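Heads up: the structure comes next, in structure tokens.
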Amino acid sequence: YMKITVDKELRKKLSKEGFDIKAMLGSGSRGATFRINNALVMKITNDESEAKSMAILKDKPSDYIVKVYKVFQFKNDKDIYFIVEERLQKINDEEEITIDELLEDFIKIDEKGQDIRIADLLYQGRFDYIEKILINGYYYNKELRILENLNSISKRFLEDILEAAKHLQKIGIKFHDYHIGNIMKSNASYKLIDIGFSENAKKGNIELKEII
């Protein structure tokens, strides 16, 4: 895991750019997220692919992916990227369980018995299978050998995450990390929040804010 140290010098540099970061909200293998205010957070990461993807999303946003306001670096910290994003709401326990199980479920997709996780259908861009599940209102759980009916949570989530996946494909970002830790909410909509470990068909124009 990457250890993020926000020392006095870094706080001073960020403050000059108008960002006074508060408490850490969470951390992962490549960075950490800090509260700026009630509306904004700042992610500090060493994942270049995420920074480039977020720079693309800043100019080509989606209602189903976290809104990005700024992506920048400092001249003397070229391996570290700063991403300013909207602050979203955590999903509740019921939503977390439902969505986690849905993404990890293996479904039967053809008569030969081939099965695949729903998360991998999203990654592979096989959206027709997701659309079929939404039309039918259920899917065949290969592991449990039962039909799983969509409830209000799973239906809304599938609708929203499908739009997010389609948008990423459209703007040239290949993303595979569809899991529960990357999902939050904005009002009634679910949003993808972390585009780490992505592949870019196009390079994002990283805004370099050099400090002399």
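The values are calculated or read from the model by the stated rules, or taken from the named source; none is laboratory data. It should be emphasised that the depicted structure is a prediction, and the values quoted were computed from it without experimental measurement. So basically every Cβ, Gly included, is an ideal-geometry build from the backbone, and we count neighbours across all protein chains shown. Keep in mind that these areas ignore ligands, DNA and RNA; they rest on the heavy atoms of the full protein, side chains included. Shrake-Rupley method; radii C 1.70, N 1.55, O 1.52, S 1.80 Å.
How about K16: which aspartates and glutamates have a C-alpha closer than 14 Å to its C-alpha, ignoring those fewer than 8 places off in the same chain?
Here the aspartates and glutamates satisfying the reach criterion relative to K16 are E210.
Taking just the alpha carbons, could you work out the radius of gyration and Dmax for the range 1-104, both in angstroms?
14.7, 44
What do you get for the angle between helix 152-170 and the principal long axis of the chain? Use alpha-carbon atoms, 0 to 90 degrees, nearest ten.
On a 0 to 90 degree scale, this one is about 60.
Relative to the longest principal axis of the C-alpha atoms of the chain, give the angle of the C-alpha long axis of helix 48-59, reported between 0 and 90° and rounded to the nearest 10°.
The answer is roughly 90 degrees.
Please list 41-50, 13-22 highest first by mean number of surrounding beta-carbon atoms within 10 Å per residue.
Ranked by mean Cβ neighbours within 10 Å, highest first: 41-50, 13-22.
Compute the helix-to-body angle for 127-136: its Cα long axis versus the longest principal axis of the chain, expressed 0 to 90° and rounded to tens.
Roughly 50 degrees between the two axes.
Please compute the per residue accessible area over the range 1-72 with all protein chains in place, 1.4 Å probe, rounded to a whole number of Å².
Working: 3770 Å² over 72 residues.
Accessible area per residue: 52 Å².
Could you sort out which of K22/K67; K75/K166; K22/K166 sit more than 29 Å apart by Cα distance in this structure?
Long pairs (Cα-Cα over 29 Å): K75/K166; K22/K166.
Please report, as a whole percent, how much of the solvent-accessible surface of the chain comes from carbon and sulfur atoms (probe radius 1.4 Å).
On the chain, the fraction of accessible area on carbon and sulfur atoms equals 45 percent.
Here are labelled values, (1) 52; (2) 56; (3) 48, and one is the computed percent of Cα pairs over 22 Å apart for what I pasted. Which one?
(1)
When only C-alpha pairs under 8 Å and at least 6 residues apart count, what is the relative contact order of the chain, in percent? It would help to have the intermediate numbers written out before the result.
Details: 379 pairs, mean separation 49.1, N = 212.
Taking the mean separation of contacting Cα pairs over the length of the chain, I get 23 percent.
Farthest toward the dipole's positive end in the range 23-85, which of F74, M54, S27, given Cβ charges of +1 (Lys, Arg) and -1 (Asp, Glu) about the Cα centre?
F74
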